[in-house]
Amino acid sequence: MNLKWVLLLVIGICAVGLILTLLILHLLRRRVSSSEYTTANIIHIQGRKYRDWGSFLLRAYQFGMKVPLLSAYILQVQKRISYRYARDEPALRRVTMTVVLIIMGGYGSVSVVLFWLQPGLTFIILAILCAVVLNSLVLDMCLSRMEKKLLVQMLDLFADVRHRYHQHGMVEEALYEASEAASGEAAEQVRLIYEALTSPDPDEALERYYEIAPNRFLKGFAGVSYMVMEFGDKDKKQGSIYLQGLGNLTQEIHLEILRRDRLDYLLQGLNVIALAPVLFTGPIERWARVSFPTMDEFYRSKLGFVTKISIYVIIIVAYLLLQRLQQYDETRYRSGQKQSRLDRILYKQVFLRKMAMLFAPKPGTVSYNQTIRLMRESNTEIKYEWLAIRRLMLFISCVVLTIGFILLLHQVERNHILQDPIRDDRMFGAMSENDLEIARQKTTLDESIMTYVDMKRGVTYEDIADALRYLAPSQLDQDTQNATIQRITEKIESYNNQYLRWWHLVLALAFGLGGYYLPLWLMMFQRKMRSLDMRHEIYQFQTVISILREMDRMSVEEIVEWLNRFAVIFKRPLQKCLLHFEHGPEQALEQLKEEVALPEFQRLIDKLQLALGKISIREAFDDLESMMAFYFEQRKQEYNKIIDVKAGWGRTIGFTPMYALIFLYLVIPLVGMSFVQMNMYYEQIQRL
């Protein structure tokens with residue numbers, strides 16, 4: 001019994017076991033419902049089952065941490081979701097193991113199906129691809145559900161905080177009572193905010209909380225609560241500024257939830273559609289070979305191998321693009337220098353560093369200034385030398401991989417020449433067993449003769465004839481001998497033509513240049529995608545300023561300090577501004593405007609410059625409410641436009657792998673091989 005049947009037997013046993021388990025659970029449920037158990041007893045039994053399942057997950061976590069490779073993977077998954085469970089380590093471990101078991105179970109099932117459909121080397125490639133895809137897909141799905149669940153909980157919790165603030169008029173009391181009355185992750189986050197606000201050093205505690213805050217709404221909520229606690233609330237015509245801040249945050253959360261729901265609805269199922277062709281390449285190939293025998297030559301050829309690899313590449317690219325389209329945050333930027341161990345190791349290699357700087361733009365040139373500006377505008381927090389080394393390594397890697405792939409294609413073609421059965425051009429349809437055996441004997445004879453003459457280019461007719469008389473199992477007639485010698489000569493010539501040509505090197509250099517400029521293209525794309533996040537932060541700045549402007553004895557420097565506390569994207573420019581503020585406020589703010597080219601941010605700085613002495617802060621921002629309303633409506637329209645664009649691109653990208661599989665791997669090759677065969681038949685008819 002081979003491995004395929006063993007795996008099929010395992011699947012059958014698992015299916016039978018699952019059916020029996022479901023039947024037993026159904027009988028137990030009926031027994032419980034028909035017995036005289038009370039509702040309290042049923043709840044007690046369900047709680048005990050939950051505790052048993054939780055204990056199993058904790059034991060599985062402890063066991064997994066003892067396995068070397070599995071422990072590293074568990075820690076990686078735990079790191080992705082750790083900020084969701086700030087102080088509940090058991091819950092974090094249970095959720096981590098739940099995600100790991102789902103990924104491992106799904107990967108095991110898909111691997112068995114892939115092995116059944118496409119055994120061999122293709123199975124290994126597809127198994128690695130599915131491992132990466134399932135890991136990313138399940139993790140992103142779990143994180144998305146957690147984020148949406150947190151947003152929904154925050155709406156209820158903010159409403160409760162508003163109610164209790166009306167009762168007590170004190171921020172800390174409202175936070176404490178709301179967090180104690182509620183449950184879930186949002187309540188835990190509010191408890192963390194309450195502990196930070198009531199700690200001996202709330203500034204430092206809030207900075208620590210900002211590092212672990214799950215989203216920007218909680219950061220804004222913590223900052224607004226602290227400002228009202230420190231400076232006190234003010235009553236305006238529109239009401240309390242604290243309640244107005246809560247209203248703005250609630251409005252933002254509603255907009256975010258609606259955006260997520262609409263995007264999920266329009267893009268649902270596209271990941272499965274994009275990945276489905278992975279399972280059908282093998283069955284389609286087998287069906288085409290059986291139904292259309294001429295397709296066998298295409299699938300064995302170099303062009304067929306390139307087509308199959310191209311389909312896999314299209315599937316991977318389509319999946320990555322869909323994952324990018326389904327991201328809710330346009331960027332996941334966090335301040336701080338991003339250091340890589342590989343970058344540090346490569347930077348220590350003196351020869352490599354000098355070689356990279358030899359090709360990189362020199363300081364003082366236009367290209368250097370453009371690169372530095374692009375790094376600053378895209379918030380690429382790495383050294384310029386590291387970027388140069390990355391570009392050089394990408395160039396070398398792309399050149400080496402391209403040449404290696406071309407050499408692999410040549411080897412595939414050589415194997416095709418040596419090992420494929422020789423097909424008679426006059427034959428229609430599939431070969432019979434007798435004809436196939438004769439074709440294999442001819443192939444074996446050709447291979448032995450080609451090996452005997454050492455695959456020499458320009459081998460003579462006499463050399464092949466001598467080898468044929470020496471190696472042929474029987475004496476051949478003159479016509480058969482001439483046809484055999486001509487066939488072997490063509491094979492040797494085709495075999496020797498499988499070498500690197502000059503245009504192969506040009507193609508490798510072209511791919512290398514693409515890899516060399518890839519980091520710059522990614523930074524340009526990142527700079528474009530950051531524009532929406534920058535507007536989010538500007539809106540948050542306006543919310544902060546709407547509270548601070550009502551406070552007595554508020555200065556421009558204090559406002560910049562508060563903006564720096566909330567800043568993520570603009571943190572570095574604001575920190576530089578604060579460092580230079582003592583040497584001249586006007587010059588520091590002017591330098592801040594030069595570093596950030598966003599018009600909305602520059603208008604904000606213009607108002608701060610006016611408030612330095614000419615007019616008061618309240619007068620400088622007298623139109624803030626209308627600006628905030630305008631920006632909110634503008635972002636709503638941008639959201640709708642972005643969602644429509646993403647939906648259109650998502651449908652196109654999601655169905656591209658299926659179209660590529662059908663047309664590139666079946667229809668177009670079938671039509672091409674049909675024309676080739678018809679041309680051969682036409683030539684044979686003309687010779688009659």
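Just so it is clear, none of the values below were taken in a lab; they were calculated from the coordinates. All figures in this text were calculated on a predicted structure; none of them were measured in a lab. Please note: Cβ atoms are built from the backbone with ideal geometry, for glycine as well, and neighbour counts cover all protein chains shown.
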Rounded to whole Hz, the Karplus (6.51, -1.76, 1.60) HN-Hα couplings of region 482-487, x for glycine and proline: 5, 5, 5, 5, 5, 5
Would you mind checking region 537-563 for residues with the amide N under 18 Å from a putative spin-label position 7 Å along Cα→C-beta of residue 586? 556-557
Dimensionless Rg ratio for region 641-681, taking C-alpha atoms and the 2.2 N^0.38 Å reference: 1.88
How many nm is it between the label spots at residue 666 and residue 305, if each spot is 7 Å from the Cα in line with the beta carbon? 2.5
Taking region 262-333, which trypsin sites (Lys or Arg not before Pro) meet the DSSP loop condition and have no more than 15 other C-beta atoms within 10 Å? 332
For region 607-688, what is the charge dipole size about the Cα centre, in debye to the nearest 20, if Lys and Arg each add +1 at the Cβ and Asp and Glu each add -1 at the Cβ? 200
Residue separation times 0.36 nm, minus the C-alpha to C-alpha distance between residue 149 and residue 453: what's the value? 102.1 nm
How would region 147-258 be classified by its alpha-carbon gyration tensor: rounded, prolate or oblate, with rounded meaning a/c under 1.5 and the a/b versus b/c comparison settling the rest? rounded
Net charge around residue 206, counting only other residues with Cβ within less than 15 Å of its Cβ (Lys, Arg = +1; Asp, Glu = -1)? -3
Here the net charge surrounding residue 467, from other residues whose Cβ is less than 12 Å away from its Cβ (Lys, Arg +1; Asp, Glu -1), is -4
GluC sites (Glu not before Pro) restricted to region 156-228 and DSSP loop, no more than 16 other C-beta within 10 Å: none
In whole Hz and in residue order, list the ³J(HN,Hα) couplings for region 214-227 that follow from phi through the Karplus curve 6.51 cos²θ - 1.76 cosθ + 1.60, θ = phi - 60°; x for Gly and Pro. x, 8, 6, 5, 5, 4, x, 5, 5, x, 5, 5, 5, 5
Could you list the residues of region 178-216 with an amide nitrogen less than 16 Å from a label point located 7 Å from the Cα of residue 167 in the Cα-to-C-beta direction? 178-183
So which trypsin sites (Lys or Arg not before Pro) in region 143-251 are both in a DSSP loop and have at most 16 other Cβ atoms within 10 Å of their Cβ? 234, 237
